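Read through the structure below, which is laid out as structure tokens, and then see the notes.
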Amino acid sequence: MNELQKSIIYLNGVGPNRHALLKDEFGIDTIQDLIHFFPSRYLDRTKFHKINQLPNSISEIQIIGSITNLRTIQSKNKSRLIGSFEDETGAIDLIWFRGHKWIASNLKLNTPYIVFGKINNFNGSINMPHPEIELLSSFKLKKRISFNTIYPTTERAINSGITQNIFKKMFYEFFESYSKPFRESLPTNLLSYIGLISNDLAIRNIHFPESLEMLAKAQKRLKFEEFFYLQIQILIKNKQRKKKIKGYIFSDIGVNFNDFFHHHLSFNLTNAQVKVIKEIRKDLATGRQMNRLLQGDVGSGKTIVAFMSMLISIDNGFQSCLMAPTEILAQQHYKLFKKLSEKIGVKVDIITGSVKKSKRIPILERLKIGEVDILIGTHALIEDPVIFKNLGLAIIDEQHRFGVAQRSKLWMKNTLPPHILVMTATPIPRTLAMTLYGDLDISVIDELPPGRKMIKTVHRNDSKRLSVFNFIKKEIKMGRQIYIVYPLIEESEKMDYKDLMDGYESISRSFPLPKYKISILNGKMKNIDKEYEMNRFIKGETQIMVSTTVIEVGVNVPNASVMVIESSERFGLSQLHQLRGRVGRGNNQSYCILMTGNKLSKDSKLRINTMVKTNNGFEIADVDLKLRGPGNMMGTQQSGVLNLKIADLINDNDLLILARESVKKILEIDENLEKKSNQCIKHTLSEIGTFKNIWNYIS
Ligand code: ADP
Ligand code: MG
């Protein structure tokens with residue numbers, strides 16, 4: 001066995017308990033895992049500061065000096081220990097709030113020490129709370145590491161005694177005793193071409209940097225490597241996928257598509273819609289399974305693209321289905337598709353949780369013998385009794401609501417997998433898309449239908465509620481409709497529910513019957529009631545819809561012109577953007593009013609300001625990525641791809657592109673990695689095993 005594959009239990013000081021803990025908390029099982037557990041921060045311990053020249057920064061610094069006196073100060077029920085610490089240029093206070101006695105009895109006065117810590121400037125006097133402190137004489141004796149490495153840790157690890165010192169000791173012991181070079185994982189010509197140091201140097205320097213310069217080189221090398229192996233796995237899989245997965249050939253563009261396109265389309269498609277339909281048409285005719293992501297901002301007209309794609313499927317003798325994340329949305333699609341289909345004689349049906357058994361059974365039977373052309377539904381669609389005669393195209397709307405496993409179920413129902421089109425209004429930032437999908441097919445509708453006016457977005461405090469209500473009244477007078485949305489976040493569901501009900505009551509008071517009619521919608525209501533309320537609003541019987549975020553996705557009421565979002569500081573950016581997309585769907589000037597309390601966190605402010613500043617989903621996605629980090633972006637949780645150890649999608653974008661280009665070049669020349677120089681890649685890939693999760697995302 002390769003020595004690095006041994007369990008860390010063989011290291012001095014690591015027993016079964018510590019091993020289990022390190023494995024649980026950090027995934028460190030083998031030595032290989034350990035050496036790839038990188039510090040998250042480094043502190044420069046080569047620099048000493050003079051007291052009269054302390055930097056104005058928040059990072060830790062170190063000073064050489066002596067303690068000239070120690071005193072305990074009592075205030076109320078707390079006491080603190082203060083030591084005056086002097087060098088030849090001035091004095092600061094060292095402060096301890098805990099452990100005085102031990103500290104006071106162990107410190108020596110007027111003896112040179114090194115203190116290390118953060119500097120506080122309190123009312124003009126400078127102090128350093130809870131410094132690390134060490135006698136200068138013993139500091140000089142030790143073989144110093146010029147950088148203090150800080151490893152990422154967890155509360156549980158700290159509480160179980162895995163301190164930074166323990167980490168350092170583990171690494172120190174291992175590196176002291178292991179003198180063999182670490183195997184190189186990248187081709188040497190690539191290393192010299194990009195200007196990267198060897199794996200061996202990089203691994204040693206990432207844990208024990210010789211200098212700042214070497215640290216930077218080690219980081220660059222390891223980041224590049226991480227991106228390189230991420231990309232190579234994605235691109236190899238991609239090639240295999242494109243080669244292997246056969247799909248139905250939809251070569252005919254027949255009567256249904258043409259009839260609809262020429263005679264029944266009530267508007268001209270936008271150029272972007274035309275482009276995307278062409279891309280889809282082309283995909284469907286290749287004999288490979290289509291696996292395409294369709295991105296288009298809210299209101300960009302994805303639904304009609306979905307419908308027309310389904311007509312292609314029908315023209316070629318196949319069924320299609322459309323899966324929506326909510327009952328409301330499924331119903332809405334059903335109504336629209338039914339209306340559109342009636343003109344051309346295409347048969348549409350719906351299956352959701354609330355479609356009664358007596359209705360459901362005949363639908364299922366018709367589906368099985370091919371008498372249903374288009375089936376619309378919620379996740380009920382992929383439940384066991386739903387059997388298609390020949391499903392040729394599956395479309396998934398607003399996919400972030402669906403679990404991955406559910407999607408792959410659709411596959412099982414056929415001999416060949418159906419073509420898959422996933423539609424989303426939440427744009428995925430380019431870097432993320434690149435990382436997640438490699439070359440996977442993405443279509444973008446980057447244009448809104450003509451005549452749309454920019455939604456005007458404003459931020460209002462609770463104190464402006466009256467003027468907001470007056471504004472709403474004016475809009476209603478002009479015949480428009482209003483959404484008022486309350487947050488409903490799982491952890492505090494009860495309280496949120498109360499907020500919603502209180503809100504509803506106060507709105508009912510401000511907008512009294514009979515002049516104003518209000519609908520209310522929340523997740524706790526029965527589907528039939530939800531549908532009833534939604535329909536009243538769609539038909540214009542009610543002017544105000546008070547709702548939780550159940551209406552977030554996809555709902556289309558073009559006459560609605562104002563979206564009021566209560567406690568909007570509690571929503572994420574993509575959610576805010578989705579909600580705002582419920583208005584601005586017709587030709588009226590539309591408004592989004594973001595209500596917040598007075599106190600906002602920095603992040604909330606940035607979110608609100610971003611919403612006020614831009615309507616562009618891609619810009620919003622970028623800010624979202626920066627705020628939340630890639631791990632929290634939609635869809636990525638399941639992918640596991642983005643548990644990057646050292647590289648950072650946002651800050652290391654250049655390296656990502658470089659790695660990707662390098663991988664492409666290598667695979668172009670040596671697709672199966674047979675060249676001698678590429679054996680190190682093959683070896684490393686076999687060590688990594690396959691990243692099973694990557695393809696979860698779209699499959
Ligand atoms: P989304 O992309 O958010 O799903 P929809 O498909 O619901 O958007 O479309 C929003 C609205 O725009 C619908 O009322 C739809 O009929 C309309 N629409 C779509 N395409 C066009 C177009 N090319 N011209 C005019 N209106 C369009
Ligand atoms: Mg939609």
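Using only alpha carbons, segment 240-331 has a radius of gyration to Kirkwood radius ratio (Rg to Rh) of 0.97. Relative contact order for the chain: 12 percent, from Cα pairs under 8 Å spaced at least 6 residues apart, divided by residue count. With a/c under 1.5 counting as rounded, go ahead and sort segment 46-144 into rounded, prolate or oblate using the C-alpha gyration tensor (a ≥ b ≥ c being the square roots of the eigenvalues; past the cut-off, prolate if a/b is larger than b/c, else oblate). It is oblate, given that a/c is not under 1.5 and a/b is not larger than b/c. Each Lys and Arg Cβ is given +1 and each Asp and Glu Cβ -1; about its Cα centre, the chain then shows a dipole of about 1060 debye.
To the nearest 10 degrees, how steeply does helix 493-510 sit against the main Cα axis of the chain, on a 0 to 90 scale? That helix lies at roughly 50 degrees to the long axis. The Rg/Rh ratio for segment 170-271 is 1.41, where Rg is the radius of gyration of the alpha carbons and Rh is the Kirkwood radius. Counting only Cα atoms, the chain measures 94, 72, 43 Å along its principal axes, largest extent leading. Using alpha-carbon positions, what is the distance between the centroids of segment 509-535 and segment 258-318, in Å? Segment 509-535 and segment 258-318 have Cα centres separated by 35 Å.
Tally up the carbon and sulfur contribution to the accessible surface of the chain as a whole percent, 1.4 Å probe, everything protein left in place. Summing carbon and sulfur atoms, their accessible area is 52 percent of the total for the chain. Could you work out the longest stretch of the chain that avoids the GluC sites (Glu not before Pro) located in DSSP loops with at most 13 other Cβ atoms within 10 Å? By the stated rule (loop sites, at most 13 other Cβ atoms within 10 Å), 89-382. Between the Cα long axis of helix 302-315 and the first principal axis of the chain there is an angle of about 60°, rounded to the nearest 10.
How would you classify segment 456-614 from its alpha-carbon gyration tensor, with a ≥ b ≥ c the square roots of the eigenvalues: rounded for a/c under 1.5, else prolate if a/b is greater than b/c, otherwise oblate? It comes out rounded by the Cα gyration axes. Put simply, when 583-594, 108-119 are sorted by average Cβ atoms within 10 angstrom per residue, most first, you get 583-594, 108-119.
Per residue, the solvent-accessible area of the chain (1.4 Å probe, heavy atoms of protein chains only, all protein chains present) comes to 48 Å².
When you filter the trypsin sites (Lys or Arg not before Pro) in segment 35-84 for DSSP loop state and at most 12 other Cβ atoms inside 10 Å of their Cβ, you are left with Lys47, Lys76.
The values are calculated or read from the model by the stated rules, or taken from the named source; none is laboratory data. Predicted model only: the values in this text are computed from it and were never measured. Note that we place each Cβ from the backbone using ideal geometry, even for glycine, and neighbour counts take in every protein chain shown. Accessible surface areas use protein heavy atoms only, side chains included; no ligands, DNA or RNA. Shrake-Rupley method; radii C 1.70, N 1.55, O 1.52, S 1.80 Å.
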